[in-house]
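Structure first, commentary second.
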Amino acid sequence: QPQALIIGAGIAGIATAIRLAVKGYHVQVFEANSYPGGKLSEFEQQGYRFDAGPSLFTMPQYVDELFKLAGKNPKDYFTYQKLDVVCNYFYPDGSRLKAYADPDKFAAEIKLQTGETAEAINQYNRNSARIYDITNHVFLEQSLHRLQTYLSSKTLKSILRLFQIDAFRTMNAANQSFFKDKRLVQFYDRYATYNGSNPYQAPATLNVIPHLEQHFGAYFPKGGMYSIISSLVKLAEESGVQFHYNFPIDEIVLAGKKASGIKVNDDFIGADVVVSNMDVWFTYRKLLNKHPQLFPEKILNQERSSSALIFYWGIKKQFDQLDLHNIFFSADYEAEFNAIWKQKSIHQDPTVYLNISSKHQQTDAPAGHENWFTMINVPANTGQNWDELIKEARQNIIKKLSAQLGENITPLIESESILDPRSIESRTSSYQGSLYGTSSNSQFAAFLRHANRSSKIKNLYFCGGSVHPGGGIPLALLSGRIVSEWVD
Ligand code: FAD
């Protein structure tokens, strides 16, 4: 039986393991941490349960697909519920917007709150859908680095339409051309943060993202986000995959220009195929450090996506005006992104994302309480004085939420832990603590991501958010699909 070794049990590593096992490989996954999931992990904090990383679940079909591939019924392992209200938006001027999943209801809400017409919204949605139709097949579902991709008529048709993907103006410029109301522009600009980019720089092609959320929907997995990982690990184990935890790999061993296995504590484990789910930057710099002549320096030096600062708060009260996903916008969005991307710092009035899973799963907090995952976007870690920045941001967030909720929240915080770019980097070996690998701030970003296979080292493959097609759960899952298509 051919042997496959996978470095890292992030969601992409697990998905790739399942796919290769189904293909007939004997698969072993080596994970540095004591648990699977990488950025997608969970923890307990004085009676509260928290999903540590991702909180928004879109494109569940990519998870279901793995169960079907293994001949199982997804519902026997993993269920989820479609959200009627995707997110609640709070603006500094006191106005609010409820993003209903139902398009007509949402258009009516937008009309009511902002005066923008249903026709303007429809036009916007058609634009997003068109970008999706053109880009999905070429940029997301396939390798950009494989000749075969360009030989299908579907791909060629998409390529001929590439001029229609709005790549030559920024998201913000495009959004301003669609809407007069500044709040709606801010609403649509925010989608740039779904892959850690800056709407004032990123190409308007990223206006495809609202389509993914609004057309395909947003979901809440039963048991919380971590049930995605636990159900996939169960499936992987049933498919014969072996997981080794507390097993940090030190080296990818080459025989000439071919990956022949991995090394841990001087023990060699041989394989036919090696897949790295470790961030591509660290894969080269740490695991292949004996071979600097093979480093794709240009790719490794690309700008990283933004990172996050999260306060996990146990709150001893329930707030009826809040829902699962809540956004408290900043008054000056451009200044906020300038602080992140130009000053590499944190704006004094950041947009705050508040996720409360206990709204859907009561057992995530004690009765009458709520588990607040309170997050702001921050720059990638380039050695800032984080302790200072965190202290200041904490005060600013509390001030903002207290003002918006009409109550001082400080005395309600009964437990707290913090995740910042440094801890994201050290816990998951993600370069600079970036959430989504490289940023999408340039129109060429899609072409510059590292491929899912090494062009210089035979039998070495890459999956996960730092390589093609990019970060976020859906794309990380697609990277696993592409790897399995490459592997013979
Ligand atoms: P990772 O999760 O980065 O896992 C890599 C694994 O490899 C880790 O477990 C690590 O320990 C292991 N590893 C590294 N080096 C070694 C080694 N040498 N040996 C052995 N093991 C090693 N996405 C969404 O879709 N929706 C969201 O709402 C969302 N929000 C986010 C919020 C936060 C705070 C964060 C951090 C991320 C968020 N994301 C979100 C992004 C999403 O979490 C990631 O894109 C995705 O989980 C990345 O998965 P991955 O497979 O690339 O690897």
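The values are calculated or read from the model by the stated rules, or taken from the named source; none is laboratory data. Here the structure is a predicted model, which is why all the values come from computation and not from measurement. Heads up, the Cβs are rebuilt from the backbone with ideal geometry, glycines too, and the neighbour counts pull from every protein chain shown. What goes into the accessible areas is simple: the full protein's heavy atoms, side chains included, and nothing from ligands, DNA or RNA. Shrake-Rupley method; radii C 1.70, N 1.55, O 1.52, S 1.80 Å.
Points to keep in mind about this one:
- In this calculation the C-beta distance from Phe168 to Arg146 is compared with R0 = 45 Å, giving a FRET efficiency of 0.95.
- Fully extending the segment from Asn338 to Glu44 would add 102.3 nm, taking 0.36 nm per residue of separation and subtracting the current Cα-Cα distance.
- Counting only aspartates and glutamates at least 8 places from Lys111 when in the same chain, those with an alpha carbon closer than 17 Å to its own are Asp102, Glu119, Asp181.
- For the pair the range 1-49 and the range 135-191, the centres of their Cα atoms are 31 angstrom apart.
- Charged neighbours of Ala367, selected by a Cβ distance under 13 Å, balance to 0 (K, R count +1; D, E count -1).
- Working from label points 7 Å from Cα in the Cα-to-Cβ sense, the Glu251 to Lys180 distance is 6.8 nm.
- Summary of packing: across the peptides 8-16, 276-284, 189-197, the per-residue average of other C-beta atoms within 10 Å ranks them, highest first, as 8-16, 276-284, 189-197.
- Segments 323-329, 215-221 sorted - mean Cβ within 10 Å per residue, highest first: 323-329, 215-221
- Each residue of the range 95-111 was assigned a 3J(HN,Hα) from its phi angle through the Karplus curve 6.51 cos²θ - 1.76 cosθ + 1.60 (θ = phi - 60°); the sequence is 7, 9, 9, 9, 8, 6, 5, 5, x, 5, 5, 5, 4, 5, 5, 5, 4 Hz, with glycine and proline shown as x.
- With R₀ fixed at 25 Å, the C-beta to C-beta distance from Arg96 to Glu407 puts the FRET efficiency at about 0.90.
- Cα centroid of the range 240-258 to Cα centroid of the range 113-128, whole Å: 50
- FRET efficiency, Gln318 to Arg126 (Cβ-Cβ, R0 41 Å, nearest 0.05): 0.55
- Per residue value of the accessible surface for the chain (all protein chains in place, 1.4 Å probe), Å²: 40
- Gain on full stretching of the segment that runs from Asp266 to Leu294 - 0.36 nm per residue minus C-alpha separation: 7.8 nm
- Cα-Cα over 21 Å, subset of Lys234/Lys359; Lys234/Lys458; Lys258/Lys290; Lys82/Lys222; Lys258/Lys286; Lys23/Lys72: Lys234/Lys359; Lys234/Lys458
- Most to least packed among 164-177, 244-257 [average Cβ atoms within 10 Å]: 164-177, 244-257
- In the chain, the calculated helix contribution to ellipticity at 222 nm averages -9500 deg cm²/dmol per residue, counting -39,500 (n - 2.57) for every DSSP H run with n ≥ 4.
- Here the extension length gained between Gln242 and Lys286 equals 13.4 nm, from 0.36 nm per residue of separation less the Cα-Cα distance.
- Carbon/sulfur fraction of accessible area - the chain, other protein chains in place, 1.4 Å, %: 50
- Across the chain, the mean sequence separation of Cα contacts (distance under 8 Å, 6 or more residues apart), normalised by length, yields a relative contact order of 23 percent.
- Counted charge near Tyr312, where neighbours are those whose Cβ lies closer than 15 Å (Asp, Glu -1; Lys, Arg +1): -3
- Overall form of the range 40-126 per C-alpha gyration tensor (a/c, 1.5; a/b vs b/c): oblate
- Ordered from highest to lowest accessible area with the whole protein assembly present and a 1.4 Å probe, Asp272, Asp76, Asp488 read as Asp488, Asp76, Asp272.
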